[in-house]
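I have placed the structure first, in the form of structure tokens, so that the comments after it can refer back to it.
The values are calculated or read from the model by the stated rules, or taken from the named source; none is laboratory data. As the structure is a prediction and not an experimental result, all values here were calculated from the model. Reconstructed Cβ throughout: ideal geometry from the backbone, glycine too, with neighbour counts over all protein chains shown. When the accessible area is computed, the model is the full protein with side chains, heavy atoms only, and any ligands, DNA or RNA have been set aside. Shrake-Rupley method; radii C 1.70, N 1.55, O 1.52, S 1.80 Å.
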Amino acid sequence: MSTIGFIGTGHMGGALARAAAKSEHSVLLYDKNTACAQSLATDIKATACTCAELVQACDMIFIGVKPQVLDALAKELRPLLEQSERKCLVSFLAGVSLARLQEALGEHAMIRMMPNVAVSVGQGMVVYCTNAQVSKEQRELFTALMSHAGKTDELSESLIDAATAVMGCGPAYADLFMEAL
């Protein structure tokens, strides 16, 4: 059993944490807005904690903050990551490449994922790519966790942004098309 951490418990981070909490793994939550993290923790039977506690305890850490916050978060997070054993970092920062994440956070196993809003009801689509440091076990853990959010599909990183556009806008387009009929 692994311990899974979520940094950022907003709309998408909260939806993904809810999905992960349906697994047998322990879930830790951190958010600058401690009330938001505590409220979600109570709802999903997880634990709200500090960033340092989360990094120390977790095997896989999901990072879900606004892309413009990455540099500020990296100042806090990178020293904590350097003091711990290697972690698998999972990012769902829109438009932030694996290379940019590695530049900000250092050399780690990294998964870049993009979910759509339907993950909040367990019927979403999650596309992802990994760097070379992600092990088979880490990939299996990630896909098992995300199976509670919907379907997963591994893509080349060059296709992630295009897939995100289709996943995000496609359902709305289909809905408008059906309504027009």
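Cβ contacts < 8 Å: first residue open to solvent by less than 90 Å² (accessible area, probe 1.4 Å), restricted to the stretch 158-181; second residue in a helix (DSSP H, G or I), any location; separation 6+ or different chain. Result?
G168/V117; P171/A118
Only residues that are free of Cβ contacts under 8 Å to residues at least 40 places away in the same chain and within 12 Å of the chain's Cα centre (by Cα): list them for the stretch 67-94, please.
L89, S91, L93
Output the residues belonging to the stretch 26-66 that are of a type in the set (D, E) and either without any contact (Cβ under 8 Å) to a residue 60 or more places away in the chain or more than 24 Å from L98 (Cα to Cα) (or both).
We begin by selecting, within the stretch 26-66, every residue of a type in the set (D, E); these are 31, 43, 53, 59.
Across the stretch 26-66, the qualifying residues are D31, D43, E53.
Output the residues belonging to the stretch 133-171 that are under 14 Å from A20 (Cβ atoms), among the hydroxyl-bearing types (S, T, Y) and assigned to a helix (DSSP H, G or I).
Matches in the stretch 133-171: T143 only.
Just name the residue that is nearest to S147 (Cα to Cα) out of those in the stretch 22-75 that are of a type in the set (G, A, S) and in a helix (DSSP H, G or I).
So the first thing to find is which residues in the stretch 22-75 are of a type in the set (G, A, S), and the list is 23, 26, 35, 37, 39, 41, 46, 48, 52, 57, 64, 72, 74.
Still in the running and in a helix (DSSP H, G or I): 35, 37, 39, 41, 52, 57, 72, 74.
On the way: A35: 28, A37: 23, S39: 24, A41: 20, A52: 28, A57: 23, A72: 31, A74: 29 Å.
Of everything passing the filter in the stretch 22-75, A41 is nearest to S147 (Cα to Cα).
Restricting to the stretch 1-21, and then to whatever is over 16 Å from A149 (Cβ atoms) and part of a loop (DSSP other than H, G, I, E, B), can you tell me which residue is least open to solvent (accessible area, probe 1.4 Å)?
Here is the first cut: in the stretch 1-21, the ones over 16 Å from A149 (Cβ atoms) are 1-3, 5, 7.
Pick out the ones that are also part of a loop (DSSP other than H, G, I, E, B) and you get 1-2.
Numbers: M1: 165, S2: 26 Å².
Only one residue fits best here, namely S2.
Restricting the search to the stretch 87-110, which residues are of a type in the set (V, I, T) and more than 17 Å from A162 (Cα to Cα)?
Residues of the stretch 87-110 that are of a type in the set (V, I, T), as a first pass: 90, 96.
V90, the sole residue that qualifies.
Tally up the residues in the stretch 101-132 that are open to solvent by 40 Å² or more (accessible area, probe 1.4 Å) and either without any contact (Cβ under 8 Å) to a residue 40 or more places away in the chain or in a helix (DSSP H, G or I) (or both), please. Show your work before the answer.
Keep residues of the stretch 101-132 that are open to solvent by 40 Å² or more (accessible area, probe 1.4 Å), which gives 102-103, 107, 117, 120-121, 123, 125, 132.
From what's left, either without any contact (Cβ under 8 Å) to a residue 40 or more places away in the chain or in a helix (DSSP H, G or I) (or both): 102-103, 107, 117, 120-121, 123, 132.
Matching residues across the stretch 101-132 total 8.
For the stretch 1-15, what are the residues that are under 11 Å from I44 (Cα atoms) and touching a Leu at 6+ places or on another chain (Cβ under 9 Å)?
From the stretch 1-15, those under 11 Å from I44 (Cα atoms) are 14-15; that's our starting set.
Correct list: G14 only.
Looking at I63 and the list (1) crowded, with 19+ Cβ neighbours inside 10 Å; (2) modelled with pLDDT under 95, which single condition is not satisfied?
Condition (2) is where I63 drops out.
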